[in-house]
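Asks: The following block contains the structure, expressed as structure tokens.
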Amino acid sequence: MTDATESRPALIPDDIARIVVDPKSYTDDDVIYPALKWLRTNTPVGRAEIDGYDPMWIVSKHADIMTVGKQPNLFSNAAESEILYDRANDQFMKAMNNGNPHLVSSLTAMDPPMHTSYRSLTSNWFLPANIRRLEERVRVIAKASVERLLQFDGRCDFMSDCALYYPLHVIMTAFGVPEEDEGRMLRLTQDFFGVHDPDEHRDELPKSPDAAAKQWHAALNDFYSYFSALTKDRRERPRDDLMSLIANSQVDGKPIEEEYANGYYVAIATAGHDTTSSTTGGAMLGMARFPDQFRLVKENAALIPGLVDEALRWNSPVKHFMRTATADTSIGGQEIKSGDRLMLSYPSGNRDESVFADPDVFDITRSPNRHLAFGWGAHMCLGQHLGKLEMRIFFEELLPRLKSFELDGDPKLVETNFVGGLKRLPIKFEKA
Ligand code: HEM
């Protein structure tokens, strides 16, 4: 725990609190990171009372985020929504869902013991020993993605010409979604995570205060109707894919219910590629901004895992998850009451100067690099080994083929306070 003192004001000034919840802030490092630094320095666990939102605590220090993550029964994912909504969207969501605050019945909406049973259905599949089986297939996909990139003749948008498709193809192949449907999965993921981004707004939906929740619902309905045919197919004809594993799994001796199978599918079909592609782009951005790091890793491929971890820390594609206290307690010297909501700010934990020297510097030689990009505790990312393997293999294939590269315009980030990162990364490059 941090040594926050009682004398520090717990209330976060309105302008800072608004920056942290505003999806637009995450498109500009010069807006979001100074605000997070202010929080870590002045109100490490601070109370935000923002018009239009229920009050909440913002937890910004590395140690406090870990303390909360480690206690899933005291800091619940299930009691209230694990994603931050403003009141208008929260009300729409609950009204659509018979009072249930959760968008999807996925692992992130559960607490132990239910969470433990559902997570164990796939946890062996996601272990490094099993993931290594995929290495050869992943390398074939990585090589093809690198070839595709190099065909752009010295100039391209790294995100839309390369990074968006590579992790998508890896996870959809492992999952069992046919290649011709990958574009549809990408579109739905962008609808899902991009609800606040004007470029991703569904044209048919009016721009009302609860538009985000409406877009989430529309995207989810499309996902569910797509997956129901595939579930039926995998129950009749199981294959060696993740969808067959989930569709045919048993919980308490009974076949998994459709609602929970769907929750799993949506988590994998969305979190399984968006995070990885934005971190892959983020690694390129880090090397473009700190060219000595590109030279280092080109000379020494053993630094590629360090490049991957630093890209995760420096970009933090997941901006927050929420928790709800189930009893009175304290964190960082602040008294937390049962029912209080807490926002865990991973980008802040990942720039915490008490853990990372020069936290704004992109340094692939950091060791140890105890970043929180995958969260911490019971809900720590299930797909972390797959995500890291994909990025390692991609850079093992790309770096020997790339002599040099630089930015060819301003990068653009998705407007989101939840999951996302780069959407445009124009680069100029020279082949090796
Ligand atoms: C760069 C890549 C990734 C990042 C940064 C990332 C980040 C995260 C974070 C922060 C959490 C929540 C942790 C918490 O609440 O403590 C999470 C959970 C999760 N992630 Fe990832 N993720 C990545 C890749 C993946 C991949 C490739 C998959 C699947 C194929 C995946 C599937 C999941 C699932 C299913 C959960 C829910 C786990 C639970 O609640 O028990 N993620 N991830």
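The values are calculated or read from the model by the stated rules, or taken from the named source; none is laboratory data. No experiment lies behind these values; they were computed from the predicted model shown. Neighbour counts are summed over all protein chains in view; Cβ atoms, including those assigned to glycine, are modelled from backbone coordinates with ideal geometry.
Asks: For the stretch 55-109, what are the residues that are part of a loop (DSSP other than H, G, I, E, B) and farther than 28 Å from Y260 by Cα?
Replies: Taking the stretch 55-109 as the starting set, the residues that turn out to be part of a loop (DSSP other than H, G, I, E, B) are 55, 60-61, 70-74, 77-86, 97-106.
The answer is P55, S60, K61.
Asks: Taking the stated definitions as given, is I58 within 17 Å of the chain's Cα centre (by Cα), surrounded by 23 or more Cβ atoms within 10 Å (Cβ to Cβ), at pLDDT 95 or above and not polar (S, T, N, Q)? So that I can check it myself, show each step before the final result.
Replies: Details: within 17 Å of the chain's Cα centre (by Cα): no; surrounded by 23 or more Cβ atoms within 10 Å (Cβ to Cβ): yes; at pLDDT 95 or above: yes; not polar (S, T, N, Q): yes.
Against the criterion (within 17 Å of the chain's Cα centre (by Cα), surrounded by 23 or more Cβ atoms within 10 Å (Cβ to Cβ), at pLDDT 95 or above and not polar (S, T, N, Q)), I58 does not qualify.
Asks: If A271 satisfies all but one of (1) at pLDDT 95 or above; (2) aliphatic (A, V, I, L, M); (3) out of contact with any helix residue (DSSP H, G or I) (no Cβ under 8 Å at 6 or more places or on another chain), what's the number of the condition it fails?
Replies: Among (1) at pLDDT 95 or above; (2) aliphatic (A, V, I, L, M); (3) out of contact with any helix residue (DSSP H, G or I) (no Cβ under 8 Å at 6 or more places or on another chain), A271 violates only (1).
Asks: Let me confirm something: among A78, A88, A17, A35, which residue is surrounded by fewer than 17 Cβ atoms within 10 Å (Cβ to Cβ) and of a type in the set (A, V, I, L, M)? Before you say what the answer is, go through the steps one by one.
Replies: Numbers: A78 fails: surrounded by fewer than 17 Cβ atoms within 10 Å (Cβ to Cβ); A17 fails: surrounded by fewer than 17 Cβ atoms within 10 Å (Cβ to Cβ); A35 fails: surrounded by fewer than 17 Cβ atoms within 10 Å (Cβ to Cβ).
Only one candidate qualifies: A88.
Asks: Of the residues S244, S249, only one is surrounded by fewer than 24 Cβ atoms within 10 Å (Cβ to Cβ), in contact with a strand residue (DSSP E or B) (Cβ under 9 Å, 6 or more places away or on another chain), over 26 Å from R366 (Cα atoms) and at pLDDT 95 or above; which?
Replies: Details: S244 fails: in contact with a strand residue (DSSP E or B) (Cβ under 9 Å, 6 or more places away or on another chain).
Checking each option against the conditions leaves just S249.
Asks: Scan A63, A88 and give me the residue that is of a type in the set (G, A, S) and closer than 30 Å to Y265 by Cβ. Before you say what the answer is, go through the steps one by one.
Replies: On the way: A63 fails: closer than 30 Å to Y265 by Cβ.
On inspection, the qualifying residue turns out to be A88.
Asks: Report yes if D157 is modelled with pLDDT of 85 or more, surrounded by fewer than 20 Cβ atoms within 10 Å (Cβ to Cβ) and not basic (K, R), otherwise no. Show your work before the answer.
Replies: Values: modelled with pLDDT of 85 or more: yes; surrounded by fewer than 20 Cβ atoms within 10 Å (Cβ to Cβ): no; not basic (K, R): yes.
Judged against the criteria, D157 is not a match.
Asks: I'm told N130 meets every condition in (1) surrounded by fewer than 17 Cβ atoms within 10 Å (Cβ to Cβ); (2) more than 16 Å from the ligand (Cβ to nearest atom) except one. Can you identify the failing condition by its number?
Replies: All conditions pass for N130, except number (2).
Asks: Does A35 satisfy being modelled with pLDDT of 95 or more, more than 16 Å from the ligand (Cβ to nearest atom) and in contact with a Phe, Trp or Tyr (Cβ under 9 Å, 6 or more places away or on another chain)? Steps first, please.
Replies: Working: modelled with pLDDT of 95 or more: yes; more than 16 Å from the ligand (Cβ to nearest atom): yes; in contact with a Phe, Trp or Tyr (Cβ under 9 Å, 6 or more places away or on another chain): no.
Considered against the rule, which asks whether it is modelled with pLDDT of 95 or more, more than 16 Å from the ligand (Cβ to nearest atom) and in contact with a Phe, Trp or Tyr (Cβ under 9 Å, 6 or more places away or on another chain), A35 comes out as no.
Asks: Check every one of the helices (runs of 4 or more DSSP H) wholly within the stretch 159-265 and list those with 2 or more residues that are among the aromatic types (F, W, Y) and within 16 Å of the ligand (Cβ to nearest atom). It would help to see each step written out before you state the result.
Replies: Working: elements: 166-175, 182-193, 211-236, 242-247.
It comes to 166-175, 182-193, 211-236.
Asks: Which numbered condition in (1) at positive phi; (2) surrounded by fewer than 20 Cβ atoms within 10 Å (Cβ to Cβ) is the only one that E430 fails?
Replies: The single condition E430 does not satisfy is (1).
Asks: Still on this structure: When only residues in the stretch 266-285 that are among the aliphatic types (A, V, I, L, M) and more than 17 Å from L107 (Cβ to Cβ) count, which is nearest to the ligand (Cβ to nearest atom)? Even if it seems obvious, please write down each step before you answer.
Replies: If we filter the stretch 266-285 for residues that are among the aliphatic types (A, V, I, L, M), which is where we start, we get 266-269, 271, 283-285.
Subset that is more than 17 Å from L107 (Cβ to Cβ): 283-285.
On the way: A283: 10, M284: 14, L285: 14 Å.
Selected residue: A283.
Asks: Still on this model: Please enumerate the residues belonging to the stretch 291-333 that are in a loop (DSSP other than H, G, I, E, B), within 25 Å of F418 (Cα to Cα) and not polar (S, T, N, Q). Steps first, answer last, please.
Replies: Just the residues of the stretch 291-333 that are in a loop (DSSP other than H, G, I, E, B), to begin with: 300, 316-317, 319, 326-328, 332-333.
From the residues that got through so far, the ones that are within 25 Å of F418 (Cα to Cα) too are 316-317, 319, 326, 332.
Passing the criteria: P317, K319, G332.
Asks: Residues of the stretch 135-190 being of a type in the set (A, V, I, L, M) and in contact with a Gly (Cβ under 6 Å, 6 or more places away or on another chain), which ones? Give the steps one after another, and end with the answer.
Replies: Within the stretch 135-190, the first condition is being of a type in the set (A, V, I, L, M), and the residues that meet it are 138, 140-142, 144, 146, 149-150, 159, 163-164, 168, 170-172, 174, 177, 185-186, 188.
Within the stretch 135-190, M159, A163, I171 qualify.
Asks: Under 9 Å between Cβ atoms, at least 6 apart or on separate chains: pull out the pairs that start in the stretch 109-123 with a residue that is more than 9 Å from the ligand (Cβ to nearest atom) and end on any residue that is of a type in the set (D, E).
Replies: Within 9 Å, the pairs are S117/D252.
Asks: Name the pairs whose Cβ atoms lie under 9 Å apart, with the first residue in the stretch 282-300 and over 15 Å from L402 (Cβ atoms), the second among the polar types (S, T, N, Q) and surrounded by 20 or more Cβ atoms within 10 Å (Cβ to Cβ), and 6 or more positions between them or separate chains?
Replies: Sorted first by the residue in the stretch 282-300, then by its partner, the pairs are G282/N315; G282/S316.
Asks: Something else about it: Between A269, A288, which is buried (at least 24 other Cβ atoms within 10 Å of the Cβ) and either in a loop (DSSP other than H, G, I, E, B) or under 25 Å from the mean Cα position of the chain (by Cα) (or both)?
Replies: Numbers: A288 fails: buried (at least 24 other Cβ atoms within 10 Å of the Cβ).
It is A269.
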